[in-house]
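Sharing a structure here in structure tokens format.
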Amino acid sequence: GCLPADGGSSGINAEYGGLVIVPGALAIRWIKQTNYIEKINPGGPLYKIILSCVYGKQDIASDDVEKGIDGVSTSAAEPKTTGQVKKLILCVVGLQCSYLMWGYLQEKIMITKYGDLQFKDSQFLVFMNRILALAMVSGYVTVFTQPAHKTPLYKYSFSSFSNIMSSWCQYEALKYVSFPTQVICKASKTMAVIIMGKVVSAKKFPAYEYVCAALIFVGVSVFLLWNPQEAEKNYTAETTFSGLIILLGYIIFDSFTSNWQGELYTTYKMSSYQCMLGTNIFSSLFTGVSLLMEGLKQWYQRRVRALLQSGPLPKQPRSGL
């Protein structure tokens, strides 16, 4: 009863995304179990597609594999030069400015009244976000040289789906809590990151980090549920709790995304742009299929409703001929 009436779009993502995920997972499992790649022409296009999507390119020279993120050798730490410091400052400033602008526009789109209507389709915003990111990163990797890519493409689908769901949770949460509250709540992501780090990468953390993360989580939860400033904005306890549940979903999905991508970086040493490209390809596919199927569903419902409201067709008088 706490979740929104229009919050079913998350189920739409999972349900229609399954039209891509389930057949793909079954196909990958069958290819691996039957060693199908050994039964086809090694030089053919089908072989190359299966190799890239399922196995990754295993025949890359070792000097290419040893290149780290963004194609920079990780064998020795390079001294910090003036150019690197300037690049770091530019990245920090650009990230903060982009994040502030993104947060402002995100909240404005979701809470602004457009006449008597309010924007409700979070899934469409996620789709447009991924399409734009895909276009930009595709242009970048086309223009600038990237390290040899050896990651099986299907592995990007895991972080892609979790990234879609975390983005959906962010948009939906803005219907119940303000953006500043959402940002503060994100600070409690530390505990989820630690747990996901153990699950995904078997990382070990000292005990004090668990204690600090737990205290942050409790403090943020108290702030979210009993913040007097939120009460002044007529947020009910039920509404705030709904926002907390959705934000919890964001924290879980986002923690998995960062840990999974970190594991891919460690294992395959691809560049961050290659990771963005692979992730956004699957994200655009998942959200595109979901939106298409939902559009077809609504069209079908409107057609059935129109036929029911029109009643039975009038009988045509028979001709005397």
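The values are calculated or read from the model by the stated rules, or taken from the named source; none is laboratory data. Treat the numbers as computed from the prediction; the structure is a model and nothing was measured. Every residue, glycine as well, gets a Cβ built from its backbone with ideal geometry; the counts of neighbours run over all protein chains shown. These accessible areas exclude ligands, DNA and RNA; they are computed on the full protein's heavy atoms, side chains included. Shrake-Rupley method; radii C 1.70, N 1.55, O 1.52, S 1.80 Å.
Sorted by accessible area (1.4 Å probe), largest first, how do Leu125, Leu296 line up?
Leu296, Leu125
Next question. Multiplying the sequence separation of Val92 and Glu107 by 0.36 nm and subtracting their Cα-Cα distance, what value in nm do you get?
In short, 3.1 nm is gained.
Sorting Asp254, Asp121 by accessible area (1.4 Å probe), largest first, what list results?
Asp121, Asp254
Run the 1.4 Å probe and let me know the accessible area of Glu38, rounded to the nearest 10 Å².
The accessible area comes out at roughly 150 Å².
With a 1.4 Å probe and every protein chain left in place, tell me how much accessible area Val183 has, in Å² to the nearest 10.
60 Å²
Another question, then. Dipole of region 126-211 (Lys/Arg Cβ +1, Asp/Glu Cβ -1, origin at the Cα centre): which of Tyr154, Ala173, Ile184 lies farthest to the positive side?
Working it through, the farthest residue towards the positive pole turns out to be Tyr154.
Right, another one. As a test of understanding, state the convex hull volume per residue of region 103-156 from its alpha carbons, in Å³.
It is 119 Å³ per residue.
Could I ask something else about it? Any of Lys32/Lys155; Lys57/Lys155; Lys113/Lys175; Lys155/Lys186; Lys48/Lys150 with alpha carbons more than 20 Å apart? Name them for me.
Long pairs (Cα-Cα over 20 Å): Lys155/Lys186.
Give me the Debye-computed log₁₀ of I(q)/I(0) at q = 0.15, 0.21, 0.22 Å⁻¹ for region 113-208, equal point scatterers on Cα only, no solvent, two decimals.
Debye intensities relative to I(0), on a log10 scale: -0.94, -1.21, -1.23.
If I compute solvent accessible area with a 1.4 Å probe over the protein chains, what percent of it on region 132-171 is carbon and sulfur?
Roughly 70 percent, rounded to a whole number.
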